[in-house]
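A.B. asks: Below is one structure. I have some questions about it.
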Amino acid sequence: MIPSSSYNEGEILVGAPNYPNWLSFARPPTIQSDSPRVMAYIDIHLSSFCFSLCRDIIDHRDILFISFFNNNICSFIMNIYSDTSHSTLKYLKDTEVNIINLLIMMDDFNIRNWSWDSFFPHHSSISDNLSIIVDSFNLDLSLPTNSIPTRYSDTVDESDLVIDLMFLCSGSSKLNNHLIHPE
């Protein structure tokens, strides 16, 4: 519920928030049960890069595949939500798409693994599928300079998690050079 001047209890938010200084990208649903679970906001000052949603290449409710142009070179960014059954990763692994110039792939992968979560001492077999996908796109995991959780548990007995990940184009000078701001 969001605050309202006409109803003290608040009103139900329908749709995604829009901001005047941001371009918003979300895949339109084809049917009610196909509502997207990812969205991206891009600062309008970057609009000269001609960002565009590329549903002709990847059309999935949990993947935003966005192109942009820089110096007449088409590059891509990918925003992903992987549910607990990892259907998005299965889709990417089974879909043979030859994508070059993917600069960044990020968001909620719902995978715990010792490689990126120092408080989780186990290897997850599903992370092997993620590694295959990451390798096929020529990306590398970018570890933050500060090691903090990306999801905080509301339950006392559950630990905080590192499930939001960022992968950058291999050889990027920005690898392992980002910071996560705690919520």
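A.B. asks: Please determine whether any residue of segment 152-167 is crowded, with 16+ Cβ neighbours inside 10 Å, out of contact with any Gly (no Cβ under 8 Å at 6 or more places or on another chain) and modelled with pLDDT of 85 or more.
C.D. replies: Checking segment 152-167: at least one residue is crowded, with 16+ Cβ neighbours inside 10 Å, out of contact with any Gly (no Cβ under 8 Å at 6 or more places or on another chain) and modelled with pLDDT of 85 or more.
A.B. asks: Can I ask one more? Looking only at segment 34-45, which residues are of a type outside the set (Asp, Glu) and either under 19 Å from ILE99 (Cα atoms) or exposed (fewer than 13 other Cβ atoms within 10 Å of the Cβ) (or both)? Break it down stepwise before answering.
C.D. replies: Initially, segment 34-45 is screened for residues of a type outside the set (Asp, Glu), giving 35-42, 44-45.
Scanning segment 34-45 gives SER35, ILE44, HIS45.
A.B. asks: Considering only residues that are assigned to a loop (DSSP other than H, G, I, E, B) and at pLDDT 75 or above, look in segment 122-150 and name the one that is farthest from ASN79 (Cα to Cα).
C.D. replies: Within segment 122-150, the subset assigned to a loop (DSSP other than H, G, I, E, B) is 122-125, 137-138, 142-143, 145-150.
Right, trim to at pLDDT 75 or above and you get 122-125, 137-138, 142-143.
Values: HIS122: 26, HIS123: 24, SER124: 22, SER125: 22, PHE137: 14, ASN138: 16, SER142: 15, LEU143: 17 Å.
Checked segment 122-150; the qualifying residue farthest from ASN79 (Cα to Cα) is HIS122.
A.B. asks: Quick check: anything in segment 107-128 hydrophobic (A, V, I, L, M, F, W, C) and touching a Pro at 6+ places or on another chain (Cβ under 7 Å)? Can you show your working first?
C.D. replies: First, pick out the residues of segment 107-128 that are hydrophobic (A, V, I, L, M, F, W, C): 109, 111, 114, 116, 119-120, 126.
Narrowing the set further to residues that are touching a Pro at 6+ places or on another chain (Cβ under 7 Å) leaves 114.
Within segment 107-128 (the criterion being hydrophobic (A, V, I, L, M, F, W, C) and touching a Pro at 6+ places or on another chain (Cβ under 7 Å)), the answer is yes, since at least one residue qualifies.
A.B. asks: Moving to a separate point now. Output yes when any residue across segment 75-96 is surrounded by 14 or more Cβ atoms within 10 Å (Cβ to Cβ), under 19 Å from PHE167 (Cα atoms) and touching a Pro at 6+ places or on another chain (Cβ under 8 Å), and no when none is.
C.D. replies: no
A.B. asks: If you check every pair at least six apart or on different chains, which have Cβ atoms under 9 Å apart with a residue in segment 81-95 that is on the phi > 0 side of the Ramachandran plot and in a loop (DSSP other than H, G, I, E, B) first and a residue that is surrounded by 14 or more Cβ atoms within 10 Å (Cβ to Cβ) and not aromatic (Phe, Trp, Tyr) second?
C.D. replies: Close Cβ pairs satisfying both conditions: HIS86/ASN110; HIS86/ILE111; HIS86/ILE126; HIS86/ASN129; HIS86/LEU130.
The values are calculated or read from the model by the stated rules, or taken from the named source; none is laboratory data. None of these values were measured; they are calculated from a predicted model. No Cβ is skipped: glycine too gets one built from the backbone with ideal geometry, and neighbour counts run over all protein chains shown.
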